[in-house]
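Trainee: Can you keep this structure in mind? I'll have questions shortly.
The values are calculated or read from the model by the stated rules, or taken from the named source; none is laboratory data. Quantities reported herein were computed from a predicted structural model and do not represent experimental measurements. Every residue, glycine as well, gets a Cβ built from its backbone with ideal geometry; the counts of neighbours run over all protein chains shown.
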Amino acid sequence: MSHLEQQFAETVRDAVSARRTLRIRGSGSKDFYGQPWAQDAAVLDAGSHHGVVDYEPTELVVTVRGGTPLAELEALLHDNGQMLAFEPPHFGPATTVGGMVAAGLSGPRRATAGAVRDYVLGARLLDGRGAALSFGGRVMKNVAGYDVSRALAGSLGTLGLILEVSLKTQPRPVAEATLRFEFPEARAIEELNRWGGKPLPLSGSAWADGELFVRLSGAQAAVLSASEKMGGEKMNDGEARVLWQSLREQTHEFFAVAAKDGLPLWRMSVPSIAPIDVLHSAMAGNTLLEWGGALRWFASASAPARVREAAHKAGGHATLFRGTDDLRQSIGAFHPLQPAIAAIHRKLKTAFDPHGVFNPGRLYPEI
Amino acid sequence: MSTLSPKIDFLRQADVVGRLSAILPDDALLYRSEDTRPYECDGLSAYRQLPMVVALPRDEAEVQAVLKVCHELRVPVVARGAGTGLSGGALPMGDGVLLSLARMKRILSLDPLSRTARVQPGVRNAAISEAAAAYGLYYAPDPSSQIACTIGGNVAENSGGVHCLKYGLTVNNVLRVRGFTAEGEAVEFGSEALDGAGLDLLAIVIGSEGMLAVTTEVTVKLTPVPEIARCVMASFDDVEKAGNAVASVIAAGIIPAGLEMMDKPATQAVEQFVHAGYDLDAAAILLCESDGTPAEVEEEVGRMRAVLEAAGATAIRVSNSEAERMKFWAGRKAAFPAVGRISPDYYCMDGTIPRKRLGEILRFIAAMEIKYGLRCPNVFHAGDGNLHPLILFDANIPDELERTEAFAAEVLEKCIAVGGTITGEHGVGIEKINQMCVQFSPEELALFRELKLAFDPDGRLNPSKNIPTLHRCAEYGRMHVKGGVLPYADLPRF
Ligand SMILES: Cc1cc2nc3c(=O)[nH]c(=O)nc-3n(C[C@H](O)[C@H](O)[C@H](O)COP(=O)(O)OP(=O)(O)OC[C@H]3O[C@@H](n4cnc5c(N)ncnc54)[C@H](O)[C@@H]3O)c2cc1C
């Protein structure tokens, strides 16, 4: 353990003996996300623990400390012709890699490239006893022991402090093109699913307000022939970059309007073919659709119970992605769990953090 | 937790059979040794144990009922798919029930529009792709055992295949797993959507070697079949050069659909078996596949060729038809059975290393061949750094198995030493349980045990596999220091 890691461990042990709780915070860019923070928790500044530990482009693996700024990591990969294929949102200038993993959020490329969890190869974790534990590794394939490191993606710091993480990197595509179509929502969903079943180099999709955008990435030849097959209108490259960036960072007009109107923002993760009427019948308000139809955003003041029921009916789940602290506190940011699964969650929490030191209540009230 | 015991307690057996016969029809319950014999081992046949009882449920209700009885009677349960596992994961217990999911082999639904299939656990890996072919889709992870192994087994082992470098492992291609806990409670991990609520338990369950839950239904993602695929076969006069060529391909920004390597002894064994036309003079050959649109593939094959030539390839052939491509792969996919024909027994290792250490590991293996007086052809998922050295031995020669295991243990520990892992895709099972003590600290192992108990509080599902007790590690430490002492001394041998 490095000096700083030892200090973290001491902070954890002190918290345990003083029966205090800790709030792990990278840069605070995702403070809005999840259940509101416990009021009395002391902040553990995870952002101070930064730096690239190991990067060898030909291994397609990078290992960084949890507090490393995501922007710094992405710049390093960019210089080497590589990228994080899951296109994580930053939601702030100083977002850390540890926070990115803990939040487990992925961007436009997710439907075809996979999510954060698909790229986590290993991690070092400080558990709730102050012990540093390593899981996974720095190699592509590893099935020794349970795959704990992947499960850190989306754990919101409830299992421990991410000291280091190893991520699989990918070469950046040589060519990219974005096509624009004018389709009503149902048609857009149908087309996206049809295209999804064809060997096309799809790398992003979004529908809002009658317009469908589809991004293609890959070899020059593949992007060209796919554009020809699919039709639509090719967007100017600069505008396309702005569009995908605005979707990734939720600065797109849809999100801006929702924020201005003070409407709760619902994230519905559903099967890509989920029919629109099931969702719309439960929800008034605007929709934006991503991930080939598998991610649907609603800016809607509809009754939370109805929203959740609709998501469940459609075969998915609903997250109250943005809303006031009070609303997230009262109805829960995340979809309720099946009782057997909730019981496993509680026991897992106890295994990693027996004294409940880390981010209590951040994911669900009881963990 | 129960330990493996060779003796079957017949009174206990009668008890358990009595209770289970109320749930299962006669032909779904086996307990006479002539009937249970086929279940005594999986693909790692050096370890054998007759199960007390074999149960063969046909549906979820029967699985649940069997688990509930076993829970009540405190009988350990080992799940089994096709039994092709290579680490003894499905090795039965003499005081336990072997729960075979082989009869649950229906594809429940296949939706070409959402590109998903919902299948029972006993469905064979290849059967999914066969059913999806009509829609131009397939299930991407393709273990070499795919015509036999089941999706339930794939989920338990997080199996990979030659195309995983580009298309991912089981964990990247499964959306949802339904099953039952040891107590018989229904659970669902993941969802039909791209993610589920809460902690990603699906990621933990995949690769958990049947220790956390019994899988009874799996939703897999289907992938569009690429328009065409071509395979570049490159010969090298030096194994290390071939290893470096692998790094060069990746460095050029190419992610091949498959990137595999075989050394000369492996190629020779395989060529006799499949007549693929491999270059028998080469010290190593690489198989490097490109898939996509015709134009894309042509462009990529050109780049691959250039990189491989620059890396010192002595000969290059590119498949010119689908038949020829299949032929190139046939040899690689048949490597294990082919080696099985030139040696009475073989022992397959599965370490994964950072690609750049390939040369070093190969030299180490060569030194071990001399040290232990055993031959060891090598096949690799080179693109992933996943090694399958195959130690050839004859179990009928006194001490050859022991020397083989010592050889394997040294190689696995070398894999850890160079920053890799003891298993890339075959799992720990019973086979590599001692090396877990080397790869993980006592605190990490303790956490794995607690994790298991979070799912299976009484430790009834596949106990004594995968995660060693600290006691066992302490013992292994001693054995290790002494050297030459038979590992797994507490296991029965036949
Ligand atoms: C010739 C050959 C080639 C191979 N090639 C590859 C390869 O390329 N890549 C690769 O990854 N592996 C390979 N393997 C290993 C093996 O085929 C895989 O591990 C496969 O996934 C095992 O599937 P199975 O159905 O045979 O499972 P089994 O061997 O029956 O069981 C394996 C494990 O899964 C558990 N299990 C099985 N079904 C269930 C269930 N329904 N619920 C809970 N647990 C369950 C068992 O308890 C056991 O721990 C190869 C094996 C052979 C013999």
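Trainee: Would you pick out the residues in region A:185-221 that are more than 25 Å from the chain's Cα centre (by Cα), outside any loop (DSSP other than H, G, I, E, B) and modelled with pLDDT under 95?
Mentor: Across region A:185-221, the qualifying residues are A:GLN220, A:ALA221.
Trainee: Separate question: Considering only region B:231-240, how many residues are at pLDDT 95 or above and either under 20 Å from A:GLY81 (Cα atoms) or surrounded by fewer than 24 Cβ atoms within 10 Å (Cβ to Cβ) (or both)?
Mentor: Residues that pass the stated criteria total 2.
Trainee: Quick one: in region B:359-384, which of the residues that are within 14 Å of chain A (Cβ to nearest Cβ) and among the small types (Gly, Ala, Ser) is surrounded by the fewest Cβ atoms within 10 Å (Cβ to Cβ)?
Mentor: My answer is B:GLY359.
Trainee: Within the set of pairs 6 or more residues apart or between chains, which connect a residue that is on the phi > 0 side of the Ramachandran plot inside region B:132-154 to a residue that is within 7 Å of the ligand (Cβ to nearest atom) and assigned to a helix (DSSP H, G or I) with Cβ atoms less than 8 Å apart?
Mentor: Cβ pairs passing all conditions: none.
Trainee: So, one more: Take the residues of region A:145-183 that are at pLDDT 95 or above, of a type in the set (A, V, I, L, M, F, W, C) and not in a strand (DSSP E or B): which is surrounded by the fewest Cβ atoms within 10 Å (Cβ to Cβ)?
Mentor: Going through the qualifying residues, I end up with A:PHE183.
Trainee: How many residues are in contact with a Pro (Cβ under 8 Å, 6 or more places away or on another chain), away from the ligand (no atom under 14 Å from the Cβ) and not β-branched (Val, Ile, Thr) when one looks only at region B:409-431?
Mentor: Residues in region B:409-431 being in contact with a Pro (Cβ under 8 Å, 6 or more places away or on another chain), away from the ligand (no atom under 14 Å from the Cβ) and not β-branched (Val, Ile, Thr): 3 in total.
Trainee: While we're on this one: Is it the case that some residue within region B:140-161 is near the ligand (Cβ under 10 Å from one of its atoms) and among the charged types (D, E, K, R)?
Mentor: Checking region B:140-161: at least one residue is near the ligand (Cβ under 10 Å from one of its atoms) and among the charged types (D, E, K, R).
Trainee: Is it the case that B:VAL78 is crowded, with 16+ Cβ neighbours inside 10 Å and either without any contact (Cβ under 8 Å) to a residue 40 or more places away in the chain or within 25 Å of the chain's Cα centre (by Cα) (or both)?
Mentor: Taking the combined requirement at face value, the residue satisfies it.
Trainee: Right, something else. Identify the single condition in (1) more than 10 Å from the ligand (Cβ to nearest atom); (2) buried (at least 22 other Cβ atoms within 10 Å of the Cβ); (3) farther than 25 Å from A:GLU290 by Cα; (4) over 14 Å from the mean Cα position of the chain (by Cα) that B:ALA133 does not satisfy, given that it satisfies every other one.
Mentor: So the condition that B:ALA133 fails would be (2).
Trainee: Turning to a different aspect of this structure: Yes or no: B:LEU387 more than 8 Å from chain A (Cβ to nearest Cβ), closer than 18 Å to B:LEU169 by Cβ, within 16 Å of the ligand (Cβ to nearest atom) and not in a helix (DSSP H, G or I)?
Mentor: yes
Trainee: Could you look through region B:334-358, keep only residues that are farther than 14 Å from B:HIS275 by Cβ and of a type in the set (D, E, K, R), and pick out the one that is nearest to the ligand (Cβ to nearest atom)?
Mentor: Among residues in region B:334-358 that are farther than 14 Å from B:HIS275 by Cβ and of a type in the set (D, E, K, R), the one nearest to the ligand (Cβ to nearest atom) is B:ASP350.
Trainee: Quick check, is B:ARG48 touching a residue at least 12 places away in the same chain (Cβ under 8 Å) and over 25 Å from B:GLY179 (Cα atoms)?
Mentor: Yes, satisfied.
Trainee: State all residues of region A:159-205 that are more than 30 Å from A:ALA131 (Cβ to Cβ), of a type in the set (Lys, Arg) and within 14 Å of chain B (Cβ to nearest Cβ); if no residue qualifies, say none.
Mentor: A:ARG172, A:ARG187, A:ARG194, A:LYS198
Trainee: Ok, one more. Quick check on my filter: what residues within region B:337-358 are over 11 Å from B:ILE391 (Cα atoms) and in a helix (DSSP H, G or I)?
Mentor: The answer is B:PRO337, B:ALA338, B:ARG341, B:ILE342, B:ARG355, B:LYS356, B:ARG357, B:LEU358.
Trainee: Let me ask you something else. Filter region B:165-185 down to residues that are under 13 Å from A:TYR119 (Cα atoms) and facing another protein chain (nearest Cβ under 9 Å) and give me whichever is nearest to the ligand (Cβ to nearest atom).
Mentor: B:LEU169
Trainee: Filter region B:207-240 down to the residues that are of a type in the set (S, T, N, Q) and more than 12 Å from chain A (Cβ to nearest Cβ), then identify the one that is nearest to the ligand (Cβ to nearest atom).
Mentor: Among them, the one singled out is B:THR215.
Yes/no matrix, rows are residues, columns are (1) surrounded by fewer than 21 Cβ atoms within 10 Å (Cβ to Cβ); (2) within 15 Å of the ligand (Cβ to nearest atom):
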site	(1), (2)
B:VAL205	no, yes
B:ALA242	no, no
B:ALA269	no, yes
B:HIS275	yes, no
B:GLU300	no, no
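Trainee: Determine whether region A:98-118 contains at least one residue that is within 21 Å of the chain's Cα centre (by Cα) and part of a strand (DSSP E or B).
Mentor: There is no residue in region A:98-118 that is within 21 Å of the chain's Cα centre (by Cα) and part of a strand (DSSP E or B).
Trainee: Are any of the residues in region A:280-289 more than 14 Å from every other protein chain (Cβ to nearest Cβ), buried (at least 21 other Cβ atoms within 10 Å of the Cβ) and at pLDDT below 95?
Mentor: The answer is yes; a qualifying residue exists.
Trainee: Continuing with the same structure: List the strands (runs of 3 or more DSSP E) inside region A:1-69, counting only whole elements, that have at least 2 residues being more than 14 Å from chain B (Cβ to nearest Cβ).
Mentor: A:22-25, A:42-45, A:61-65
Trainee: Right, next: A:VAL116 is checked against (1) more than 10 Å from chain B (Cβ to nearest Cβ); (2) within 19 Å of A:VAL61 (Cβ to Cβ); (3) buried (at least 24 other Cβ atoms within 10 Å of the Cβ) and fails just one. What number does that condition carry?
Mentor: Single failed check for A:VAL116: (1).
Trainee: Can you name every residue in region B:450-476 that is of a type in the set (D, E, K, R), at pLDDT 95 or above and within 22 Å of the chain's Cα centre (by Cα)?
Mentor: The answer is B:LYS452, and nothing else.
Trainee: Scan (1) closer than 30 Å to B:LEU199 by Cα; (2) at pLDDT 95 or above for the single condition B:GLY419 breaks and write down its number.
Mentor: That leaves (2) as the condition not met.
Trainee: Moving on. Which of the residues belonging to region A:320-361 are within 13 Å of another protein chain (Cβ to nearest Cβ), over 21 Å from the mean Cα position of the chain (by Cα) and in a loop (DSSP other than H, G, I, E, B)?
Mentor: If the condition is that a residue be within 13 Å of another protein chain (Cβ to nearest Cβ), over 21 Å from the mean Cα position of the chain (by Cα) and in a loop (DSSP other than H, G, I, E, B), then A:GLN338, A:ASP353, A:PRO354 are the ones that fit.
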